[in-house]
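Comments concern the structure below.
The values are calculated or read from the model by the stated rules, or taken from the named source; none is laboratory data. What you see is a predicted model; the values in this text were computed from it and never measured. Heads up, the Cβs are rebuilt from the backbone with ideal geometry, glycines too, and the neighbour counts pull from every protein chain shown.
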Amino acid sequence: MYRRHLLKYLGASALGGAIAYSRSFPASATTLDQIHWGYIGAASPEHWGELSPDFQLCQTGRQQTPINLEDTTVTESEALIFNYHPTPLKIINNGHSIQVNYTPGSALTFKGESFNLLQFHFHHPSEHQITGQPFDLEIHLVHRSQAGKLAVVGIFAQTGTFNPVLQSIWDVMPIQPQPEQITANTSINVSQLLPSDRSFYEYRGSLTTPPCSEDVLWFVMQQPIEASKQQIQQFAALFPHNSRPLQPLNSRTVLHSS
Ligand SMILES: [Zn+2]
């Protein structure tokens, strides 16, 4: 994958690049930024691999995400060390999800390697499942190491009590695709969206959107957080279904922290 393009898919638009709006471009567009993909019809996940040679891994990849998390191997894994700081609330609707771009300086450390937090975004319903059970929402915290290695933390949300942190995002989420908005005087700390139990699943996967690049380190938190029914519905009203179907595990092993 070309680094410049990949950066755009990771939401590095905050760093100065242009923003891709798939909805604004015809399907015949030829550059990677402009290829229309989505979740229904001719541009739905089962066709992603046919939409562009750059999307081939979506079809041919053997380490694709999401997966059903079961039959895991329990290990005494090293802990995930979250070092997240508050960031001004910079939010975009990129046509595929609501995304919050993070100011540089927050990081995840695993086995001594540091991954900088770039952005987080939402899927409805969840993309991963635990023993065949989906959740109402899944939040993806996308990180990149200095060497360019990707690590994504997945957090499930299920219907329950009102979530004030999510609400601060929902209150300003753009209804239509549009460039990044900075909300004056509002900051957010994604660490407040982490579950209290820090056990997690770990496996090697991919991006869940085109170009479906592999060699992504996945950490999916086992304990879901909660959001009210109304909050789930508020997101679902904008994105009724922005989740890729489950992918085959193939020969991969899923680890579960003890
Ligand atoms: Zn995602």
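Observations on the model:
- If the condition is being in contact with a helix residue (DSSP H, G or I) (Cβ under 6 Å, 6 or more places away or on another chain) and within 16 Å of the ligand (Cβ to nearest atom), then segment 169-209 contributes only Leu193.
- Scope segment 102-130; condition within 16 Å of the ligand (Cβ to nearest atom) and in a strand (DSSP E or B); matching residues: Leu108, Phe115, Leu117, Leu118, Gln119, Phe120, His121, Phe122, His123, Gln129
- Qualifying residue in segment 215-231 (condition: more than 23 Å from Asn93 (Cα to Cα) and acidic (Asp, Glu)): yes
- Taken over segment 160-216, residues that are assigned to a loop (DSSP other than H, G, I, E, B) and not hydroxyl-bearing (Ser, Thr, Tyr) amount to 21.
- Matching entry among Gly105, Gly112, Gly95 (being among the small types (Gly, Ala, Ser), touching a helix residue (DSSP H, G or I) at 6+ places or on another chain (Cβ under 7 Å) and surrounded by fewer than 21 Cβ atoms within 10 Å (Cβ to Cβ)): Gly95
- Pairs with Cβ under 8 Å, 6+ apart, first in segment 137-165 and aromatic (Phe, Trp, Tyr) and away from the ligand (no atom under 13 Å from the Cβ), second part of a strand (DSSP E or B) and modelled with pLDDT of 95 or more: Phe162/Ala227
- Hits in segment 48-67 (condition: under 20 Å from the mean Cα position of the chain (by Cα) and in a helix (DSSP H, G or I)): Trp48, Gly49, Asp54, Phe55, Leu57, Cys58, Gln59
- Selection status of Lys111, of a type in the set (Lys, Arg), under 18 Å from the mean Cα position of the chain (by Cα) and more than 23 Å from Pro210 (Cβ to Cβ): no
- Residue match in segment 170-181 (condition: within 25 Å of Ile81 (Cα to Cα), surrounded by 14 or more Cβ atoms within 10 Å (Cβ to Cβ) and modelled with pLDDT of 95 or more): no
- Gln99 under 25 Å from Gly38 (Cβ atoms), part of a strand (DSSP E or B), in contact (Cβ under 8 Å) with a residue 24 or more places away in the chain and within 15 Å of the ligand (Cβ to nearest atom): yes
- The one condition from (1) in contact with a helix residue (DSSP H, G or I) (Cβ under 9 Å, 6 or more places away or on another chain); (2) surrounded by fewer than 17 Cβ atoms within 10 Å (Cβ to Cβ); (3) among the acidic types (Asp, Glu) that Glu214 does not meet is (2).
- Gln133 being surrounded by fewer than 23 Cβ atoms within 10 Å (Cβ to Cβ), within 22 Å of Thr73 (Cα to Cα) and within 15 Å of the ligand (Cβ to nearest atom): no
- Filter result (away from the ligand (no atom under 13 Å from the Cβ), among the small types (Gly, Ala, Ser) and touching a residue at least 24 places away in the same chain (Cβ under 8 Å)) within segment 210-237: Ala227, Ser228, Ala236
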